[in-house]
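Colleague: This is the structure, below, for whatever I ask next.
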Amino acid sequence: MRKENSKKNETAKVKFGIFIAALITAAGVFAVMTYLQRQALSDFEKKEVYVAACMIPRGTLIDEKNSGEYLVLKSVDAGSVPEGSVFDPAAMNGLTSVYDIDRGTLLTDGMFRTFETAVSGMEDPVMAGFKADDLSKAVSGILRAGDRIDIYSADPGTGQGFLLCGNVYVVSGYDGSGNPISDEKAAVMFNIYLESCDVAGFYEGLRSGNLYVVKRCG
């Protein structure tokens, strides 16, 4: 009788152990399935970030007027959003692009620098423009947004040149239709930053056809 009871107890213990093991296994499987489900859902998580709506040439100044032209909101996979991504277009106002940014590129703050960098040392900067045809001499090489140039004026009588404006920042370059251009294309129209006191002399030189520019290296 005692042997039968002992066998029954042992059988009950074995069954209980199997039950506990099965319960632990089930809990483990549930945890793994829950983790995999969360991972699968995270793969479909989206974030709204700003990308380049078109090619943004190096040196382009972003402001309230043109931000809608250069920035567009796009929904992308959350896992592909890099640190420093642009979520607020207002944060880009007053920044200039460090290099050419291709259309569709996820924008980050590292791709831009402050406007103050472009006009560092200037007292009263204003934006002026000119066409390549306005110059008496063509620029050697391609002049691009972000370049620095020296502007010279030639004396009509002697032909001797003198520096009119030095270390001028080229804001942007455009083709004949007014479209921004990239590094691979030659621009025919340019916007530059000048001191306000130099503007009158600059445009007088353009009218007389005595101006030429020299591109700075480095």
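Colleague: Considering only protein heavy atoms, with the full assembly of protein chains and a 1.4 angstrom probe, order ARG207, ARG216 by accessible area, largest first. Intermediate results must be reported in sequence, preceding the final value.
Modeller: On the way: ARG207 170, ARG216 105 Å².
These residues rank, largest area first, as ARG207, ARG216.
Colleague: Heavy atoms only, probe 1.4 Å: what % of the accessible area of segment 90-131 goes to carbon and sulfur, would you let me know? Could you put the intermediate results ahead of the total?
Modeller: Values: 1130 of 2270 Å².
Result for segment 90-131: 50 percent of the exposed heavy-atom area is carbon or sulfur.
Colleague: Same structure, new question: What figure in square angstrom, to the nearest 10, would you give for the accessible area of MET122 with a 1.4 Å probe?
Modeller: 50
Colleague: Roughly how many Å² of TYR99 are accessible to a 1.4 Å probe, to the nearest 10?
Modeller: We get 100 Å² for TYR99.
Colleague: Working out 0.36 nm times the residue gap between SER177 and GLU64, then minus their Cα-Cα distance, what length gain in nm do you get to one decimal? Walk me through the intermediate numbers first.
Modeller: Working: separation 113, 0.36 × 113 = 40.68 nm, distance 2.26 nm.
Extra length from SER177 to GLU64 when fully extended: 38.4 nm.
Colleague: Then there's this: Using DSSP to call loops (not H, G, I, E or B), can you name the GluC sites (Glu not before Pro) in segment 68-118 whose Cβ has at most 14 other Cβ atoms within 10 angstrom? Mind dumping the intermediate values first?
Modeller: Values: sites: GLU69, GLU83, GLU116; in loops: GLU83.
Passing both the DSSP loop test and the Cβ count: GLU83.
The values are calculated or read from the model by the stated rules, or taken from the named source; none is laboratory data. Keep in mind that this is a model prediction, so the values were computed, not measured. Positions of Cβ are generated from backbone atoms using ideal geometry, with glycine treated the same way; all protein chains shown enter the neighbour counts. Just the protein is used for accessible areas: all its heavy atoms, side chains included, with ligands, DNA and RNA removed. Shrake-Rupley method; radii C 1.70, N 1.55, O 1.52, S 1.80 Å.
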